[in-house]
Structures are given as structure tokens and as C-alpha cells.
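Data first, discussion second: the structure below is written as C-alpha cells.
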Amino acid sequence: MYLAFFGLDEQPFSITPDTQFACSVTAHEEALNTLLLALRGGEGFVKITGEVGVGKTLLCRKLLAMLGDDQVAAYIPNPQMEPVAMLAEVASELGAEQGHNPTLLIKAINRRVLEIAGQGKTAVLLVDEAQTMPFLTLQTLRLLSNLETEKRKLIQIVLFGQPELDEILTQRSARQVLQRITFHYRMRGIGADELDGYLQYRLRIAGLQGASPFSRTARWAIYRHSKGVPRLVNVLAHKSLMAAFGEGSGRVGYKHVRRAATDTESAFRRAWV
């Protein structure tokens, strides 16, 4: 592997959502600020959408890590389940009583979030890949959002999903859910002017002491072939380092990125020049 060759301690461009490598780019900062503002305001439903690979799961995990002692989090990474299973999962995450009856589960969750509120805390439910939820399960979340006192919501729900989630919510049958979403942010990729800083940041976290091995033309090519999608940036940067290492070159050039893009089906081929 190329780690020692480039003076690295660990893999800098893994596609695993590791919050240690979360680089502060505009789209992520704006999305995070939207989430923090909504949670501070006690809003019931918040929605974050974006294309595949823009970093929604990483953002979700970063938010989880930032929640304070006055918040009790429930995290559902795979919501592709029927309503009763979803309620049971939420109950388990919040530490509520278990069961197989939806009415009893909702009552148990209600008791638990009231208990949490009595401790001066707020329950927060984070749902990743929300576009995969069956429609009845989405409606069940709406019922949970009804849990409230006269002054505030007892549980705040954050949905992270691909653009298909927006399409689902535009259907007339989903209007009750849509009306409850008070904050929404559509995530973008990394800007062209942010790519160099993104690469430098991840290399530095991975242990790089000297200058970046990516040439100006290599950085330009990575952006052209990734369109700023973080997951694609990581894949192309990783494969480019491998290509340069294979040649014994300590400098990553345009040809190495082009070779990486040729080997990556999801790369934007129309960017060839």
C-alpha cells in the first residue's frame, strides 16, 4: 500500500463516514447550522436531502457527536422496515418499554419522552436513508411528531435522505408530513475553490507532514471527474495515489487521475479533455 511511501499513517480517502476526517466545507457547514438552529428552536421535523455521496451520513454522525448532555438521541441507520418494527426500534433506542402492539409502543415512547422532558432534556430521532422508508412507516413518524406538551414538542425528528425523499413528500397523501417540516436543506458537493483545502485537510489528518502530492492539474482533474461529490473525490484521490505509487512517483499528476477515472464507473466521463 502507498501509506509509508507518501508519509501517511492511515488511509486519507476512505469512503467510510469517519467524523475525524469531516472537513468544513460550505455545504456541510450550512446544513449543520440549519440542524443546530432547528434543534435549538424545538422544531418537530427537519429534513436534509442530497444526492448519493454528498456526505449526508457523515453529517448525521457529526450531529450525533455534537449533541449535548441535554439531548437523548435515537439513531435509525436503516429505516426500511414496517411501522411496528420502526416503533420498536425507536423505543429501544430511547430506552422505552418494548412490545409488539403499535398503540402500546406509542404509549411507551410517549411515557419515555415525557420522562426525558422531566429531566430537562430533549429526545432527538435521527433517521438516515429516509427515502427507503415504506409510506406507512413515514406516517408513523408523523404520529410520533404529535407527542407534545402545551409548550413544546417532546421529540424532534431529523430525516436524512436522497432527492427521492423530496419526491415522496410532494405526493398529496404525504402532505401532512410535509406540512410538519419546518426546516429543510438540500446539500451540494464540494465547491471548486474548496477542493484543494479538502484534500489537504484529509491528508494532514492522515499524518502528512510535507506538501500535498497532488499537482494543480491533478486537483483540477479530480474536480472535473467528481463534480465535487465527496465520495467520488475520495475514490479518485485514493486510486490516483495508488497509480502514482505504482509508478514510484511521489507526485500525483493528471494522467494518474485520468487512469483512476477510467477505473471508476461512477466518474463523470464527459469531463474528458
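Values quoted throughout were computed directly from the atomic coordinates according to the rules given, and no laboratory measurement underlies them. These numbers come from a predicted model, not from an experiment. With ideal geometry, Cβ positions are generated from the backbone for all residues, glycine too; neighbour counts draw on all protein chains shown.
Quick notes on this one:
- Formal net charge of residues neighbouring Cys60 (Cβ-Cβ distance under 12 Å; K, R +1; D, E -1): +1
- In plain terms, the chain from Leu36 to Met66 could stretch by 9.9 nm, reckoned as 0.36 nm per residue minus the Cα-Cα distance.
- Dipole-positive endmost among Leu241, Phe268, Phe183 within the stretch 141-273 (Cβ charges, Cα centre): Phe268
- Structure-derived volume of the Cα convex hull per residue in Å³ - corresponding label in (1) 151; (2) 124; (3) 140: (3)
- For Ser240, net neighbour charge (Lys/Arg +1, Asp/Glu -1) across residues whose Cβ lies under 12 Å away: +4
- About its Cα centre, the dipole of the stretch 55-176 is roughly 320 debye, where the only charges are +1 on Lys and Arg Cβ and -1 on Asp and Glu Cβ.
- Net charge in the neighbourhood of Glu97 (other residues with Cβ under 10 Å of its Cβ; Lys, Arg +1, Asp, Glu -1) is +3.
- Think of it as helices only: each DSSP H run of n ≥ 4 in the chain is worth -39500 (n - 2.57), and spread over all residues that comes to -14500 deg cm²/dmol at 222 nm.
- Centroid-to-centroid separation of the stretch 109-152 and the stretch 209-248 [C-alpha atoms, Å]: 42
- Label zone (Glu148, point 7 Å along Cα-to-C-beta; backbone nitrogen cut-off 12 Å) within the stretch 34-64: 42-45.
- Dipole magnitude of the stretch 191-265, debye to nearest 20 (Cβ charges: Lys/Arg +1, Asp/Glu -1, about Cα centre): 100
- Summarising the label geometry, the points placed 7 Å from Cα in the beta-carbon direction at His100 and Gln200 lie 5.9 nm from one another.
- Distance violations [Cα-Cα > 29 Å] among Lys47/Lys239; Lys56/Lys107; Lys47/Lys107; Lys107/Lys151: Lys47/Lys239; Lys56/Lys107
- Ordering of 226-236, 47-57 by packing is 226-236, 47-57, highest average first (other Cβ atoms within 10 Å, averaged per residue).
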